[in-house]
Amino acid sequence: MVAVPVKVICENRKARHDYFVIETFEAGIALTGTEVKSLRAGRGNLKDSFARVERGELWLHDMHISPYAQGNRFNHEPKRPRKLLMHRGEILRLYGRTREKGFGLVPLRCYFKNGRVKVELALVKGKKLYDRREEIAARDAKREIERALRHKRV
């Protein structure tokens, strides 16, 4: 199998901090021409964005794509809802999982793959404050151990 090169446009770094990622999916996204040109210039932002199944279709809300600089009066609206493209079976499965209490759909990153814009979507469960504190404490402890081992070797 040949590895397909991907060019990451934007990432939602805070998502992994705020949520437990249960499963990830790849979805296409329906865009206009000026949106694609703006994304090629790296002008996308996934902060505070989320996905939702509405009337059997998957929609991405609050993804900000800045207006294209050379666009004219036909430029796009920056935060419009955008349709995500997945197989019907996957959408129905996601709909069932998001109906469960505490689960949601959050985009992790947006990237180009074979010239098409793709979104890595994650089925997530929210972290509690104590979960985040435990994660930070574990990361700090690991860092201290590595620092001690590094100084011991020298």
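Laboratory data are not the source of any read-out in this text; all were calculated from the coordinates shown. As the structure is a prediction and not an experimental result, all values here were calculated from the model. Virtual Cβ from ideal backbone geometry, glycine too; neighbours counted across all protein chains shown.
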key: Where a label projected 7 Å from the Cα of Arg88 along Cα→Cβ would reach, residues of the range 46-65 with amide N under 14 Å   = 56-58
ask   = Taking 0.36 nm per residue of separation and subtracting the Cα-Cα distance, what length does fully extending His64 through Asn114 add?
value = 15.7 nm
key: When the chain is reduced to its Cα atoms, the Kirkwood hydrodynamic radius in Å   = 17.5
ask   = So what are the ³J(HN,Hα) numbers for the range 77-89, from phi and the Karplus equation (6.51, -1.76, 1.60; θ = phi - 60°), rounded to whole Hz, Gly and Pro as x?
value = 7, x, 10, 5, x, 10, 6, 9, 10, 9, 5, 4, x
inquiry  = Please list, ordered by chain and number, the residues whose modelled amide H lies under 5 Å from the amide H of Cys10; skip anything fewer than 5 residues away on the same chain.
reply    = Cys110
remark   = For Lys128, counting only aspartates and glutamates whose alpha-carbon sits under 15 Å away and dropping same-chain residues fewer than eight positions off, the answer is Asp18
message = Can you sort Arg109, Arg139, Arg93 from fewest to most other Cβ atoms within 10 Å of each residue's own Cβ?
response = Arg139, Arg93, Arg109
query = Over the chain, what is the mean sequence separation of C-alpha contacts under 8 Å (at least six apart), divided by residue count, expressed as relative contact order in percent?
reply = 32
task = With θ set to phi - 60°, apply the Karplus curve 6.51 cos²θ - 1.76 cosθ + 1.60 along the range 42-58 and write out the HN-Hα couplings as whole Hz, x wherever there is a Gly or Pro.
result = x, 9, x, 8, 9, 4, 6, 8, 8, 10, 8, 8, 10, 6, x, 10, 9
ask   = Helix 129-153 sits at what angle to the longest principal axis of the chain, using alpha carbons and giving 0 to 90 degrees rounded to 10?
value = 50
query = Hey, with R₀ at 30 Å, roughly what FRET efficiency would Ile22 and Arg80 work out to, going by the Cβ-Cβ distance, to 0.05?
reply = 0.60
ask   = Using 7 Å Cα-to-Cβ label points, what is the Lys128/Val8 separation (nm, one decimal)?
value = 3.1
